[in-house]
Amino acid sequence: MGILNQILAHPLTRGLSIDDPQTTELRRQIIVEKPFLKSIYHEWYGRILEALPNQDRVLELGSGAGFFKEMLPNAITSEVFPVEGVDIVADACNLQFLDGDLDAIVMTDVLHHIPGVDRFFAEASRCLRPGGRIVMIEPWRTPWSEWVYNHLHHEPFVPSADWNIPTTGPLSGANGALPWIIFLRDKEEFGRQYPELKITNIEPIMPFSYMLSGGVSLRSLMPNFLYRSIRFIEGLLPADRFAMFALIEVERS
């Protein structure tokens, strides 16, 4: 798989460290210039927006490579380091917002990179207004996704781990299984630690379309005109066995 990754690696970011801010900026260019991948993000952002009852004060974490602000112009975009096109530099575990200041915190492929994620939930609970939500798209564990993430993906995927992840860098530390660990395996523990945060929805999605897009690291493997057909086929598969991601919604009481 290492040789295949080298062959398919996207030329814009080949050889760059994931912790280099330039990589994040180039990944934004990759998403915009790969129509199939941009269609995925457009669908993800749409699902996130549908889950927000109030969109006045919305913070997006990990905005650097995305285009969420195009769909919600008043969103407060953030990244862990300075990059072009985001509003603020923000540490998810030390948010610079007043108590009850936010209607929502949203993210795409971010939670499983946050070290000390327990501190993030404490901060989110503090910053969100009653009825405010955390809405995210994250990797999810199914029999199919576990095989894919362990054999075809560079990030660790360890369902037996605790909530902590290695802090090798601002983005390189990760455990793709972390959302499943927190919101399913340790759901009761999450409820005990954060009684004011209620898991209201977990919807497993997208068995293979992201793989076919090549993601932000590889060249695209599929033309955009097939996007709707592929999404239709995915909808015929049992999500509990084949989904690679999940839409997750958490509401503050």
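A short reminder: the numbers here are calculations on the coordinates, not readings from a lab. Small disclaimer: the values here were computed from a predicted structure and weren't measured. Cβ atoms come from the backbone with ideal geometry, glycine included; neighbour counts cover every protein chain shown.
Table for the structure above
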| quantity | calculated |
| --- | --- |
| Rounded to whole Å, sorted largest first: equivalent-ellipsoid semi-axes of the chain, Cα gyration tensor | 27, 21, 19 |
| Estimated FRET transfer efficiency (Asp186, His151; beta-carbon r; R0 30 Å; 0.05) | 0.75 |
| Counted charge near Val80, where neighbours are those whose Cβ lies closer than 12 Å (Asp, Glu -1; Lys, Arg +1) | -3 |
| Candidate lysines for bridging to Lys38, where Cα separation is under 17 Å - those fewer than 8 sequence places away on the same chain excluded | Lys69 |
| Degrees separating the helix 117-127 axis from the principal Cα axis of the chain, which is the longest one | 50 degrees |
| Over the chain: helical MRE at 222 nm, DSSP H runs n ≥ 4 each giving -39500 (n - 2.57), nearest 500 | -9500 deg cm²/dmol |
| The range 113-206 shape via C-alpha gyration tensor axes, a/c threshold 1.5 | prolate |
| Percent antiparallel among DSSP beta bridges (both partners in the chain, rounded to 5) | 55 percent |
| Local electrostatic count, Pro21, Cβ distance below 13 Å [Lys/Arg +1, Asp/Glu -1] | -3 |
| For the range 2-252: relative contact order, % (alpha-carbon pairs under 8 angstrom, 6 or more apart) | 22 percent |
| Residue among Ile88, Ile233, Ile76 with the largest mean-square fluctuation in a Gaussian network model of the chain, springs linking Cα atoms under 10 Å | Ile233 |
| Cβ-based net charge around Arg119, under 15 Å, with every Lys or Arg adding one and every Asp or Glu removing one | -3 |
| GNM flexibility winner over the chain from Arg14, Arg133, Arg192 (Cα, springs under 10 Å) | Arg192 |
| Label-point separation, Asn224 to Phe67 (7 Å along Cα→Cβ), nm | 0.8 nm |
| Farthest toward positive dipole pole in the range 2-252 [+1 Lys/Arg, -1 Asp/Glu at C-beta], among Ser220, Ile105, Pro21 | Ser220 |
| Rounded Å value of the spacing that divides the Cα centres of the range 8-69 and the range 111-165 | 17 Å |
| Per principal axis, descending, Cα span of the range 69-165 in whole Å | 41, 28, 24 |
